[in-house]
Each structure stands twice: as C-alpha cells, then as structure tokens.
Amino acid sequence: MAERQTQKKRLLYGRRHGHRLRASQQARLERLLPKLAISLPDENIEVDPKTLFPKTPDDVWFEIGFGGGEHLAWQASKHSGIGFLGCEPFVNGIARLLHQIEEDNLLNIRIFPDDARVLLAALPQASLGRVFVLFPDPWPKRRHHKRRFVSVENLDALARVMKDEAELRIATDDVDYLRWALFHLLEHAAFIWEAERPQGWSERPADWPATRYEAKAELEGKKVAYLRFRRCRRYAEKLAKRG
C-alpha cells in the first residue's frame, strides 16, 4: 500500500484560512462537515470510496483542490449516480461548498479537508473513474516549482488509483504551468492525451462548467487550457515502459 504519511513532505497548498467566516457559515461548517468529512482508518487499511456514501454509487470521481466548490457541486448535481470526493484544505472554500450542498440537497459529495496525497494513498488501486485538477496553484517562483501538484510522484499515485480508461482533467490559465503539466504528462507511460486538434485543449467541453475563477482569468486576458488525459490500460502501460 502507498505511503500515507505526509507530515515530512513539502506542502502543495497555501493558506488554510481566508477572511473570517460569517456566523451562518461557521454554524454550517460545524453542523455539516463532521457528517461529510472523510475519516481515514489506520495507515495499513485501504478505504473503498464507494462505502462512503449512503447509496453505493456507480462510480467515484475525485476533485483535487475544489476551491469554492462550484465545479464539484455542478458535476454532483448532473451525475446523481456518481459519488464525488472533494479535497480542499482552504476552510472558506469548504464553507462555500457546504452552502451549495445544503441548498441543492446534494447527497453524493464527501469532503477531505486536508492534503490530497493522504487520501490518494488510502484509496485502493483502480478505484476512481475520473479525476479533476482545476487551476492548481502554479507556484510561479522557480524555487517553489517542487510544490506543484503535477509531478512524477503524484502522477504515479493517480495512475495507481485510476481505473483503466479513466479520465484526468486539468485546467490552467498559467502558460508556464501548462508547459510543465504537458511535459510531465506526456512523459508518463500511464497517460494518453485526448486532444487531436487545437480545439481539443483550447475550448471548454460542454460538460465542463465555467467557474468564477475562470471568468476572472478571462477578464484579465488569460487563455485557459483544458487538458484531458486518459489513463491507459495497464497492459499497454507495461508495454510502453518495456519499450
């Protein structure tokens, strides 16, 4: 089983708290988060993500760093048969998602308010049907590049928990991060790029809702890249490594 401890690992996220929560937000956080938060057992025990939901889902999708939760809530509302895992250490973002969960009565979302790598290490092999990494922190300073989520180590972890043919979606408005992500993903034997023409990465697919962050980026004149990679079949991966 993958190593679960990350206390000594470098942090891949920034602050945990923003402005002070309103009384209603704090009350919702205290009331709902304990019911929806993913609690991990001892280190040597894997967590079947399908058991985290009141009704066994057809599949499980995972969003890493959901921000304010707009995309996650939209996907959950459109796919009631799918169980959604959302990871976000930022408390204010969690509070916004909880409001949406309560307002739309979304029963198919569970939250991990900590480092995504800890949850990835606890999941069984081939247990996720789709993974989203949308607008991750680009960590623009060179000395911070090692904190970027897209890395050999994390792609290895994703390859382990993603099913054959599962989809990995990554969005960024940072040109340098785009180059970085493409370099690492194209070099990785477990992932195949879905784009066959420029429209395959420069235009947002219909089932990929826009968020406030994305709208802000476009107002600032930034171009957004929408990357879709497929986790290749494990036999094909072995052949690629052998070659």
### Query
How high is the relative contact order of the chain, given as a whole-number percent (alpha carbon pairs under 8 Å, six or more residues apart)?
19 percent
### Task
Compute the length gained on full extension between Arg20 and Asp137: take 0.36 nm times their separation in residues and subtract their Cα-Cα distance, giving the result in nm to one decimal.
39.9 nm
### Task
Quickly work out the Ala240-to-Arg204 label distance, labels modelled 7 Å from Cα along the C-beta direction, and quote it in nm with one decimal.
2.8 nm
### Task
For Phe191, list long-range residues whose amide hydrogen, built 1.01 Å from N in the peptide plane, is under 5 Å from its own amide hydrogen.
Cys232
### Query
In the structure shown, do any of Lys146/Lys241; Lys146/Lys216; Lys141/Lys223; Lys78/Lys163 have a Cα-Cα gap over 23 Å, and if so which?
Lys146/Lys241; Lys146/Lys216
### Summary
Placing +1 on each Lys and Arg Cβ and -1 on each Asp and Glu Cβ in the chain, then taking the dipole about the Cα centre, the residue among Asn44, Leu33, Ser77 whose Cα reaches farthest towards the positive end is Asn44
### Query
Taking neighbour counts of Cβ atoms within 10 Å as a proxy for exposure, in what order, fewest first, do Phe66, Phe149, Phe53 appear?
Phe53, Phe149, Phe66
### Message
Below 16 Å, Cα to Cα, which aspartates and glutamates can Lys50 reach? Residues fewer than 8 away in the same chain don't count.
### Response
Asp58, Asp59, Glu63
### Task
For a footprinting-style exposure proxy, rank Asp42, Asp176 by other Cβ within 10 Å, fewest first.
Asp42, Asp176
### Query
Label Ala37 and Asp176 with points 7 Å out from Cα along Cα→Cβ: what is the distance between them in nm?
3.5 nm
### Task
Would you mind checking which residues have amide H under 5 Å from Ile109's amide H? H placed 1.01 Å from N; only 5 or more apart, or other chain.
Phe84
### Task
Please give the residues of segment 117-136, grouped as numeric ranges, whose backbone N is less than 13 Å from a label point set 7 Å along the Cα-to-Cβ vector of Glu46.
120-128
### Message
What is the distance in Å between the Cα centroid of segment 190-233 and that of segment 43-94?
### Response
20 Å
## Note on the structure
Given the candidates Ala210, Ala225, Leu155, the one whose Cα lies deepest towards the positive end of the charge dipole of segment 103-243, counting +1 at each Lys or Arg C-beta and -1 at each Asp or Glu C-beta, is Leu155
### Summary
Residues whose modelled amide H sits under 5 Å from the amide H of Leu134, counting only those 5 or more places away in sequence or on another chain, are Ile64, Ala171
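Every number in this text was worked out from the coordinates using simple rules, so none of it is lab data. Remember, it's a predicted structure, so these values are computed and weren't measured experimentally. All Cβ positions, glycine included, derive from the backbone under ideal geometry; neighbour counts span all protein chains shown.
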